[in-house]
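In what follows, a structure is listed as structure tokens, so that the remarks can point back to it.
The values are calculated or read from the model by the stated rules, or taken from the named source; none is laboratory data. As the structure is a computational prediction, the values presented were derived from the model and not from experiment. Cβ coordinates were reconstructed from backbone atoms using ideal geometry, including for glycine residues, and neighbour counts include every protein chain displayed.
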């Protein structure tokens, strides 16, 4: 089966610019996650969707980050305006269940963002 | 904060078993232990998970101590392609919803 698709693979922008990342989850997966991974650290959850509804966005910096999942399939994560500390890999993951003890996440390869 | 502690790095010879330890001394009775790995420039990949019994699948074995305060991931015959960062994670929150990721163990498999 096709995996989680993300684009672009790399993005370089200057601070204060805007950027958007796109994710297409595995077909039929109801749950979609966006994670931020700073170099040398583990992934940090930004937002979790179930279908097109937000389950958890407690760690999303809402003054500059936004995300949507229209129609419960593809998702877009936007940063506006970007700061130097936003330089990281942005990972999208999907699963066929909603949390729970046996949930397995499937990750895309991520988008590596460099803010200059 | 992550509920697990792992050694920052380990080495293993190709063909030998890799035993990766994880400490989770504050784990609660209904919290699962998960293992993921991340090969360079790729997203994390699920390996295995368990509650209290030992588990085995095609990738690895998971040994959880009886008091559940620690566990060991075993790769029985490590290959060069197993070189990766291995994350031990305790699933927390209502309905075991959240994965809180730590820093992981960087495993180098040497020829």
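Selection over region A:50-102 of residues that are part of a strand (DSSP E or B) and more than 10 Å from chain B (Cβ to nearest Cβ) gives a count of 15. Scanning region B:30-56 for residues that are out of contact with any strand residue (DSSP E or B) (no Cβ under 6 Å at 6 or more places or on another chain) and touching a residue at least 24 places away in the same chain (Cβ under 8 Å) returns B:30, B:40.
Could you please find all residues in region B:86-102 being outside any strand (DSSP E or B) and under 14 Å from residue B:35 (Cα atoms)? So that I can check it myself, show each step before the final result.
Filtering region B:86-102 for residues outside any strand (DSSP E or B) gives B:93-97, B:100-102.
Selection gives B:100, B:101, B:102.
Residues that are under 12 Å from residue B:18 (Cβ atoms) and either within 14 Å of chain A (Cβ to nearest Cβ) or modelled with pLDDT of 95 or more (or both): does region B:86-94 have at least one? So that I can check it myself, show each step before the final result.
The initial filter retains those residues of region B:86-94 that are under 12 Å from residue B:18 (Cβ atoms), namely B:86.
From the residues that got through so far, the ones that are either within 14 Å of chain A (Cβ to nearest Cβ) or modelled with pLDDT of 95 or more (or both) too are B:86.
Within region B:86-94, one or more residues are under 12 Å from residue B:18 (Cβ atoms) and either within 14 Å of chain A (Cβ to nearest Cβ) or modelled with pLDDT of 95 or more (or both).
Among the strands (runs of 3 or more DSSP E) confined wholly to region B:5-85, which include 1 or more residues that are closer than 30 Å to residue A:8 by Cβ and modelled with pLDDT of 95 or more? Lay out the reasoning, then the answer.
Working: elements: B:9-13, B:18-23, B:33-38, B:45-50, B:61-64, B:70-75.
Result: B:33-38, B:45-50.
Reported count of residues in region A:1-21, each being under 14 Å from the mean Cα position of the chain (by Cα) and at pLDDT below 95, is 0.
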